[in-house]
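Report on one structure; see the data block that follows.
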Amino acid sequence: MQYRNSLEYAKEQDKLDEISYLRNQFHIPKGKNGKDWLYFTGNSLGLQPKSTQKYIQQELDDWANFGVEGHLEAKNPWLNYHELLTDKMAKIVGAKPVEVVVMNTLTTNLHLLMVSFYQPTKTKYKIVIESDAFPSDRYAVQSQLKFHGFSEEDVIEWKPRKGEDLLRMEDLESIISEHGDEIALLLIGGVNYYTGQFLDIKKIAEIGHSKQCVVGIDLAHGAGNIQPNLHDSGVDFAAWCTYKYLNSGPGSLAGLFVHEKHAKNKDLPRFSGWWNHNKATRFNMRQPFDVMEGAEGWQLSNPPILSMAAIKASLDLFDEVGMERLRIKSEKLTGYFEFLINEIDSINIKIITPKNPKERGCQISIQVKNADKNLHKKLTENNIITDWREPDVIRCAPVPLYNSFEDVYQMVSILKELLNK
Ligand SMILES: Cc1ncc(COP(=O)(O)O)c(C=O)c1O
């Protein structure tokens with residue numbers, strides 16, 4: 001047996017890992033046998049940082065002690081609480097602070113962004129999505145089409161070629177060169193939720209813009225996982241949730257990015273509420289409406305502080321470690337996972353995620369021929385939490401913040417045993 005395929009090797013990698021100490025800053029759930037779960041679903045719901053409770057408790061205490069005065073008197077005054085998140089969130093997605101705000105939830109933000117950036121005309125109205133787009137994105141664009149008097153059929157799908165699993169950029173180029181004059185918007189998942197493919201966002205922006213199409217990116221599976229460099233990419237807008245790699249709790253608030261080139265455009269159509277009105281005069285409660293510049297100009301409501309406190313706890317951790325160090329570990333950890341899976345001697349198993357580390361984040365999607373959800377059930381019985389997608393794919397995300405090389409080794413050993421039974 002190769003040394004690399006051994007528990008000793010995995011343990012040695014954990015010792016060499018400069019950021020292995022971070023695992024201890026998370027609550028790792030335990031199975032019935034009292035052992036830590038081998039948790040591989042940070043791509044679905046990230047684990048809870050131990051500090052989160054303290055951050056939320058601070059706001060509960062301030063609410064108890066100050067009531068409404070907490071808007072100004074709380075340790076972190078609630079009135080501008082969202083500003084405490086902006087710089088750190090902007091760093092994670094590679095944006096300027098003026099381009100980012102935390103608000104609402106992901107699908108809501110996609111709709112608000114489409115209100116502004118999906119402006120169809122009689123001839124240019126179609127929307128491009130990936131054929132494997134997350135259902136919520138598909139439903140969102142279909143409902144936008146219908147809202148504007150078009151049909152669900154006006155969605156154009158960017159598909160993998162027959163017999164392939166991944167998207168090719170040249171196929172998007174063909175779609176845009178053939179149909180670009182009819183296309184108003186591209187809404188693409190930056191990291192595909194199913195295959196884990198990390199697409200070249202900058203290239204997508206170039207292709208879309210070459211025919212005056214607006215380009216929006218769903219970064220649900222990208223934020224806190226890969227470095228999308230949103231500002232440099234030139235995409236018009238993006239949105240992402242914070243409950244996956246950003247570990248901010250179930251259903252927590254979402255991020256929104258609007259490129260700086262649109263920051264001062266007050267003529268963009270948009271929905272409004274008191275929270276995108278100029279902060280300096282908001283409480284005068286008077287006309288006329290005066291929209292804020294930048295991403296803050298898409299807010300509607302005063303935000304839920306308890307959820308923001310959980311986001312702040314997580315972003316402080318990200319800020320301490322930095323995306324660069326996380327990516328370095330992530331490439332090693334996912335590379336190790338891939339190596340071990342490839343060592344399994346079975347023709348029934350195939351990784352559909354790209355081989356090139358630059359074209360993926362931490363998620364590896366494994367297709368297991370002739371398997372059904374029973375395999376997923378058996379993994380769970382063995383303390384391994386993964387994510388099953390019909391018909392035959394197990395999605396696993398070794399997350400560099402809290403997964404270890406030993407987790408990866410143990411997981412693949414058990415998978416191998418189950419497959420050989
Ligand atoms: C790619 C993608 N888009 C949209 C959603 C929907 O998110 P929400 O329920 O926060 O609107 C998800 C949720 O997992 C997702 O993964």
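The values are calculated or read from the model by the stated rules, or taken from the named source; none is laboratory data. All values derive from a computational prediction rather than experimental measurement. Cβ: placed from backbone, ideal geometry, glycine included. Neighbour counts: every protein chain shown. These accessible areas exclude ligands, DNA and RNA; they are computed on the full protein's heavy atoms, side chains included. Shrake-Rupley method; radii C 1.70, N 1.55, O 1.52, S 1.80 Å.
Here are a few things to note about the model shown:
- Exposure of ARG325 as accessible area (Å², to 10), given a probe of 1.4 Å and all protein chains: 90 Å²
- Oblate is the label for the chain, because the ratio a/c of its alpha-carbon gyration tensor axes (a ≥ b ≥ c) is 1.5 or higher and a/b is not greater than b/c.
- Region 164-226 and region 59-78: distance between their alpha carbon centers, rounded to Å: 43 Å
- Counting only Cβ charges, +1 for Lys and Arg and -1 for Asp and Glu, the dipole size of region 60-195 around its Cα centre is about 120 debye.
- The three principal axes of the C-alpha atoms in region 185-235 carry coordinate ranges of 29, 21, 13 Å, sorted with the longest axis first.
- Along the chain, longest interval not containing exposed chymotrypsin sites (Phe, Trp or Tyr not before Pro), exposed being DSSP loop plus at most 14 other Cβ atoms within 10 Å: 4-270
- Computed over protein heavy atoms with a 1.4 Å probe, the accessible surface of the chain works out to 45 Å² per residue.
- Dipole orientation for the chain: of the candidates GLY149, LEU186, ASN247, ASN247 has the Cα lying most toward the positive pole (charges on Cβ; Lys, Arg +1; Asp, Glu -1).
- Pairs of alpha carbons in region 291-394 whose separation is greater than 24 Å (percent): 50 percent
- Equivalent ellipsoid dimensions for region 20-96 as semi-axes, Å, which come from the Cα gyration tensor, largest first: 31, 20, 9
- Between region 1-47 and region 334-402, the Cα center-to-center distance that results, in Å: 16 Å
- Neighbours of PRO357, meaning other residues whose beta-carbon lies under 10 angstrom from its beta-carbon, give a summed charge of +2 when Lys and Arg score +1 and Asp and Glu score -1.
- Scanning the chain for GluC sites (Glu not before Pro) lying in DSSP loops with no more than 16 further Cβ atoms inside 10 Å, the longest uninterrupted stretch between such sites is 19-163.
- Around GLY249: net Lys/Arg minus Asp/Glu count, Cβ-Cβ under 15 Å: +2
- At R0 = 45 Å, FRET efficiency that the Cβ-Cβ distance of LYS11 and LYS202 yields, to 0.05: 0.70
- Cut-off 11 Å between beta-carbons: net charge of the residues surrounding ALA295, Lys and Arg +1, Asp and Glu -1: -3
- In this structure THR380 has an accessible area near 60 Å², from a 1.4 Å probe over the protein heavy atoms.
- Full-stretch length increase - LYS122, LYS369 - with 0.36 nm per residue and alpha-carbon distance subtracted: 84.3 nm
- In Å, descending, principal axis extents of the Cα set of region 192-337: 60, 43, 25
- The heavy atoms of ILE207 present about 10 square angstrom of accessible area, all protein chains included, probe 1.4 Å.
- Percentage relative contact order, region 1-61, counting C-alpha pairs under 8 Å, at least six apart: 25 percent
- Accessible surface of the chain [probe 1.4 Å, protein heavy atoms]: carbon and sulfur percent: 51 percent
- Straight-distance crosslink candidates among aspartates and glutamates, where the alpha carbon sits under 18 Å from LYS266 and sequence neighbours closer than 8 are dropped: GLU99, ASP236, ASP290, GLU293, GLU296
- Taking the average, over residues, of other Cβ atoms within 10 Å as the packing measure, peptides 344-351, 362-369 rank 362-369, 344-351 from highest down.
- As a ratio to 2.2 N^0.38 Å, the alpha-carbon radius of gyration computed for region 45-164 takes the value 1.51.
- Contact order normalised by residue count of the chain, Cα under 8 Å, 6+ apart, percent: 23 percent
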